[in-house]
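Quick one: the structure is below, questions incoming.
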Amino acid sequence: MAYLLGLFLMLAVLFSATAGNNLVSGLWDSIADKAAHFAFPKSEKEILISNLGSDYGLLDRFFSESTDSLLSSAGVSDQDKAILRKAAEAFSKSKNTVADLSSIIEKEKGLVKTATDKFLDFLKPDERASPEPTAIPPQCKLICEEN
């Protein structure tokens, strides 16, 4: 039974590597994400920003789809159109503010989380930076002498 399980796992790795979907890397990323979520759950600030961002989806759809039709409508007074324009501008500014807040909160990591992220990033072989090629100055001559 163990032989069949091992054979199945080896074939799955082989076929995933040749098919290009890289089962092992996807599995590692999934495990790392779940471990990070378990070890470092979202704080109240992150949950609040996430909820606010999802609420902004509905407002964004309203302002992107129906604002133009309301502004071009003849049944809406000029005063209401001006108020609608101001509301759309205020919404876009507040949306940018929420995006800035989420980036600030994301940058506020604790010492342990930063160290863990660096360690996990080090373990990902595909994302490691390769060394840059060596540049040889033009005044240097590379001559191989034959003896």
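Starting from the 7 Å offset along Cα-to-Cβ, what nm value, one decimal, do you get for the label separation of residue 144 and residue 39?
So the two model labels end up 4.8 nm from each other.
Among the aspartates and glutamates, which have Cα under 19 Å from the Cα of residue 93 when same-chain residues fewer than 8 positions away are ignored?
55, 60, 65, 68
Aspartates and glutamates near residue 107 by alpha-carbon distance under 20 Å, same-chain residues fewer than 8 away left out - which ones?
Leaving aside aspartates and glutamates fewer than 8 places away in the same chain, those within reach of residue 107 are 33, 44, 46, 117, 121.
Can you put 67, 114 in order of Cβ neighbours within 10 angstrom, beginning with the fewest? Don't skip to the end; give the middle numbers.
Working: 67 16, 114 10.
Going from sparsest to densest Cβ surroundings: 114, 67.
Applying 1/(1 + (r/R0)^6) with R0 = 35 Å to the Cβ-Cβ distance of residue 84 and residue 105, what FRET efficiency is obtained, to the nearest 0.05?
For R0 = 35 Å, the calculated efficiency reads 0.65.
Further, regarding this structure: Residues with beta-carbon under 14 Å from that of residue 67, excluding residue 67: net charge, scoring Lys, Arg +1 and Asp, Glu -1?
So the surrounding residues net to 0.
What FRET efficiency comes out for the pair residue 29/residue 5, r = Cβ-Cβ distance, R0 = 22 Å, nearest 0.05? Intermediate values should be presented prior to the final figure.
Working: r = 23 Å, r/R0 = 1.05.
Plugging the Cβ-Cβ distance into 1/(1 + (r/R0)^6) gives 0.40.
Using DSSP to define loop residues, name the trypsin sites (Lys or Arg not before Pro) in the stretch 30-103 whose beta-carbon has at most 14 other beta-carbon atoms within 10 Å.
Passing sites in the stretch 30-103 are 42.
Next up: I need the shape label for the stretch 47-92. Rule: rounded when a/c is under 1.5, else prolate if a/b > b/c, else oblate, with a, b, c from the alpha carbon gyration tensor.
Numbers: a/c = 4.34, a/b = 2.41, b/c = 1.80.
It comes out prolate by the Cα gyration axes.
Hey, another quick one. Using +1 at the C-beta of Lys and Arg and -1 at the C-beta of Asp and Glu, which of 103, 53, 69 has the Cα lying farthest in the positive direction of the dipole of the stretch 42-128?
After comparing all options, I get 103.
List the aspartates and glutamates whose Cα lies under 14 Å from the Cα of residue 45, skipping any in the same chain that are fewer than 8 positions away.
Answer for residue 45, where 14 Å is the Cα cut-off: 100, 106, 108, listed by chain and number.
The numbers here are math on the coordinates, done by the rules we state, and not lab data. Bear in mind that the values here come from a model prediction, so they are computed numbers and not experimental data. Positions of Cβ are generated from backbone atoms using ideal geometry, with glycine treated the same way; all protein chains shown enter the neighbour counts.
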